[in-house]
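This report concerns only the one structure given below.
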Amino acid sequence: MNEKTHHPPSDQADASEQDPGWSRRTSLLAGLGVAVFAGAAGWGVNTWLQNGGLSGVASLSEAAQNTLWSSSFDRPNGEPLAMSSLKGRPLVLNFWATWCQPCIAEMPLLDAYFKQNAAKGVQVLGLAIDQPSAVVHFLSQRPVSYPIGLAGLLGPELSKSLGDDQGGLPFTLVLDAKGDLLERHLGRLHDADIARWKLA
């Protein structure tokens, strides 16, 4: 398994059966959604792409922007999080999961970046492609300062629409205050990657 990108374990879709809070329909859809990320196996992608990203397009399409800003997620504490509330300020958007070791490894870097730049208006949002109970438990053990949204079954399709054609995790986008795409990264972030962000 390459440390740079990760794909869900084979029993990920069945894990929802252990969570009585999920309906049978939601569990099925979540399993199908997470399965999209299984396509990342064997790619070992760790590419930093500027002004072109994974799709070869210099910016997000109008459809992708509409999907992004019209999306809404619950936070682990149950409060709603509308993406539209994040418009107008720079945003680092990070797709992750509790079963993804590269995701976990980069979270302290994202947390430090958020703490250093939040006062300057820079936002960091982690979208968890996972079961709510798993995310809540994970964050109780390893909390972060930046907000987390429970993307669940919407996460894989949203990530794909934003340029994650390989379906791998972690996947990060950097948007400026106007919502324009600055940078896109598939794979684990390192200090040198984050040092390139000029948002504050």
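Read the figures in this text as sums done on the coordinates, not as results from a lab. Everything numeric in this text was worked out from a predicted model, so none of it was measured. In this analysis, Cβ positions are derived from the backbone assuming ideal geometry, glycine residues included, and neighbour counts consider all displayed protein chains.
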Taking a ≥ b ≥ c as the square roots of the eigenvalues of the Cα gyration tensor of the range 116-157, is the shape rounded (a/c under 1.5), prolate (a/b larger than b/c) or oblate? oblate
Whole-Hz couplings from phi, Karplus 6.51/-1.76/1.60, listed for the range 84-101; x for Gly and Pro: 4, 6, 9, 5, x, 9, x, 9, 9, 10, 10, 8, 8, 8, 5, 8, 9, 4
Could you name the lysines in cross-link range of K198, using Cα to Cα under 22 Å and dropping any fewer than eight places away on the same chain? K87, K115, K120, K178
With a Förster distance of 35 angstrom and the Cβ-Cβ distance between A200 and D74, calculated FRET efficiency to the nearest 0.05 equals 0.75
Using only the Cα atoms of the range 58-108, build the gyration tensor, take square roots of its eigenvalues as a ≥ b ≥ c, and label the shape rounded, prolate or oblate: rounded if a/c is under 1.5, else prolate if a/b is larger than b/c, else oblate. oblate
Within the range 86-130, find all residues whose amide N lies under 16 Å from a label point positioned 7 Å from the Cα of S145 along Cα-to-beta-carbon. 92, 107-126
Return a whole-number percent for the relative contact order of the range 67-180, with Cα pairs under 8 Å and 6 or more residues apart as the contact set. 37 percent
If you stretched the chain out fully between S84 and A118, how much longer would it get, using 0.36 nm times the residue separation minus the C-alpha to C-alpha distance? 10.4 nm
Residue-span extension gain [Q101 to D180] - 0.36 nm each, minus C-alpha spacing: 25.5 nm
Within the range 61-99, what residues put their amide N at less than 16 Å from the label point 7 Å along the Cα-to-Cβ vector of S133? 98-99
Give me, ordered by chain and number, the residues 5 or more places off L60 or on other chains with an amide H under 5 Å from its own placed amide H. L181
